[in-house]
Structure formats: structure tokens, C-alpha cells
Amino acid sequence: MVMHGTDRKSVLLKVYRDTNMDKDFSILSKTRDAFILIDLQGNIEYASHACEPLLGFTRDTLQQKRLNKLFVSDFLDQEQTFFKGREQEKIDNFDAQVQVIEGSKLDVNVTAIPIFFEQEFLGSYLVLKDITFIKQNRLSMEREQEYQTLIHHLSRLSEKQATAGQLAAGIAHEIRNPITAIKGFLQLLMGENIGNKIYFEIINSEIDRIEGILKELMVLAKPSKQKYERVNLQVLLDQVVTLMASQALLNNIQIVKQFDFANMWIAGDPNQLKQVLINYIKNAIEAMSDGGLLRINGSPLVEGQVKVSIIDQGRGIAPGILSQIGQPFFTTKENGTGLGMLVSRQILKEHKGDLCIESNSNGTSIHVKLPLTSQE
């Protein structure tokens with residue numbers, strides 16, 4: 001026997017009465033539950049007394065509603081007659097949201113029980129339980145767990161940075177001693193070999209550069225207050241681009257400058273800032289194995305800041321690797337130390353600057369933000 005229309009509705013209500021649910025006792029427990037009966041079209045045919053304090057609607061109002069007027073539509077199927085991804089003819093339990101009378105949403109747990117009569121499926125019996133408190137507690141626990149994970153991560157990062165600082169101090173100290181001796185003997189040789197002066201000057205210049213790198217490496221071990229000077233950003237960037245132009249050319253890369261900082265000044269150590277920018281440009285060049293355009297963009301920002309962006313057309317950085325950049329000793333280079341990005345970030349921090357790295361399959365963008373200073 002197949003029923004239609006009002007026959008289905010009357011039989012549905014008869015099944016409800018025959019199971020003695022008219023006393024509003026749950027068939028699942030001995031407590032009073034909020035429950036509704038729905039037919040196959042998603043119409044609410046019956047609502048228990050316990051629905052009124054839970055949902056704020058009267059039973060009469062609820063019994064004029066459809067499922068899509070009570071439940072948030074995100075949880076309903078395309079026809080809005082039942083729940084998304086759920087089978088009507090099986091007992092099921094899941095969480096959802098209902099729209100209560102004040103216009104707000106309530107988190108509920110739903111137990112859906114199919115109703116059959118003479119092997120024909122008529123509708124469903126939905127038991128509703130308020131789980132707002134449970135969900136808030138669950139969310140609080142998840143946040144606490146995330147917080148503890150973050151604290152653990154920061155603790156490990158701090159330990160790694162401390163280790164890196166100690167190692168950097170040791171390396172710098174050990175290298176400085178022989179470099180000092182080499183520089184001393186070089187000056188003696190320069191006085192005796194006037195004809196080779198140009199070569200000695202190059203060697204001396206490179207030793208000065210090594211000493212500068214060692215000094216910057218010490219930033220990891222002992223950050224100190226520098227006596228900063230006013231630096232013209234346009235001049236600084238032009239010098240950096242000039243230094244890197246030959247390396248870019250050798251790798252079939254064209255550097256495109258898109259900035260105008262002629263009247264913009266920052267406070268800082270020009271050599272340190274050059275080291276940071278050279279490091280980022282060098283990384284960009286190494287990432288562009290097939291050549292291409294390397295853009296250096298610049299623009300002023302609100303609140304007295306300026307942004308310099310180094311944008312390459314390389315292979316990009318995988319998300320799992322991107323999240324580890326800047327951690328001590330982490331590197332993807334065969335002969336890398338994993339300290340370059342860490343030193344650069346530390347220098348920016350000392351200059352009250354900030355760093356943001358974005359990457360996808362089309363390339364990587366490094367954004368450096370620095371505070372401006374007055375021209376006087």
C-alpha cells in the first residue's frame with residue numbers, strides 16, 4: 001500500500017500517538033526531550049512542549065514551519081527537506097544549528113530516527129539537544145591546546161636561536177683572530193710591493209668585507225643598540241642593485257626597479273641594511289634558474305612606513321618549507337648554513353622593521369617594511 005498527501009500525515013501522527021510519545025517522553029530516554037516530526041517534504045508535523053523553551057517558538061508556530069525555516073540552510077540538502085550528507089532511512093546523530101526566535105543561532109545535537117509504517121518510510125523523528133555549553137567547552141579546550149602547542153614551538157625556537165647565537169659568537173671569534181693576523185701581514189707586504197698595490201687593495205677590501213660579515217653574525221649572539229645614521233633609501237637601493245647587477249646578468253635575469261624614494265630617509269646602519277637586501281635579492285636570483293624579471297618595487301605606507309618588495313619569477317616555495325624559513329640551521333641549499341634569513345630578520349627587528357614572505361608556483365615576494373625618519 002502506497003500512501004499520499006494527507007494519508008501520510010495522518011498515519012505519521014498515528015504512529016506518533018501509538019508509541020505513547022504524546023506525553024512528550026523521549027523514546028531514547030526517560031527525560032523530557034525537545035523533538036519534532038517531519039514528513040518527506042520537510043514539513044514539521046509535530047513539535048513537543050520542550051521545543052518552546054529551547055527554540056522560543058510556540059508549538060503552533062513550529063507546526064507551520066518547514067525544516068529550512070528552522071535549521072540553518074548550510075546543514076540542509078538541495079531540496080531543503082532533510083540534512084546534507086545524511087540518509088533519511090537510517091538512525092543518525094550529528095551536530096547542526098537552528099535559528100531561534102531572537103534571530104540568533106543555537107548549536108544543537110540532532111538524533112534522527114526514521115519512521116516506518118507497513119514497510120513504507122513516512123518521515124523522521126528528530127530529537128534536539130542544546131550543546132552550546134559543550135561546544136564552547138570543546139572550543140576552549142582546542143584553543144588551550146593550540147596555545148600550549150604555540151608555547152612549545154616558541155620555546156623550541158628560542159632554544160634554537162640561543163644555540164645559533166652561541167655558535168655564531170664562537171665562529172666569529174675564531175675567524176676574527178686569523179683574519180686580524182692576515183690583515184696585519186698584508187699591510188706589511190703592501191709597503192714592500194708597491195707595484196702590486198691594486199691586488200693588495202682588493203684583498204684588503206675583501207678582508208674588510210669578511211670582518212663586516214662577522215660583525216653582522218654577532219647580531220645573533222648579542223643584539224646591541226647601534227648608533228644609527230640617516231640613510232637615503234633611494235641611494236641605498238641603487239647601491240644594492242648596482243652590486244647585484246652582474247650576478248643577475250650572469251643568470252639571464254633583468255632587474256626592474258619600480259620605486260622613487262629620492263626624498264625618503266630611514267634611520268639605520270647602511271651596511272646592515274645592504275646585507276639584508278643583498279641576501280634577499282641573492283636568494284631570488286638563485287630561485288630563478290630559467291632567468292626572467294626580478295622586480296624591486298617600493299611604496300610609502302601609512303603611519304610613516306615604507307615598503308620594499310623583491311618579487312621573483314622562480315619556482316616558488318612549498319608551504320611546508322615556507323613556514324620553516326628563518327628558523328636556525330634550516331636551509332634548502334646544499335652548502336647553506338641556515339643562518340642568512342635568521343640574521344636578516346634579526347637586523348630588521350633591530351631596525352624596528354618587519355618582514356612578510358608570500359609564495360606560489362609563479363614565484364616569491366619578499367616584503368620589507370621600515371619606519372621613515374625626518375629629513376633633518
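Brief remarks follow.
- Note, ³J(HN,Hα) from phi for the range 357-363, Karplus 6.51, -1.76, 1.60, rounded to Hz, x at Gly and Pro: 10, 10, 8, 8, 5, 8, x
- Pairs from the table (LYS257/LYS349; LYS84/LYS105; LYS65/LYS129) lying more than 23 angstrom apart at Cα are LYS257/LYS349.
We did not get these values from a lab; they are worked out from the coordinates using the rules stated. Being a predicted model, the structure only gives us computed values, none of them experimental.
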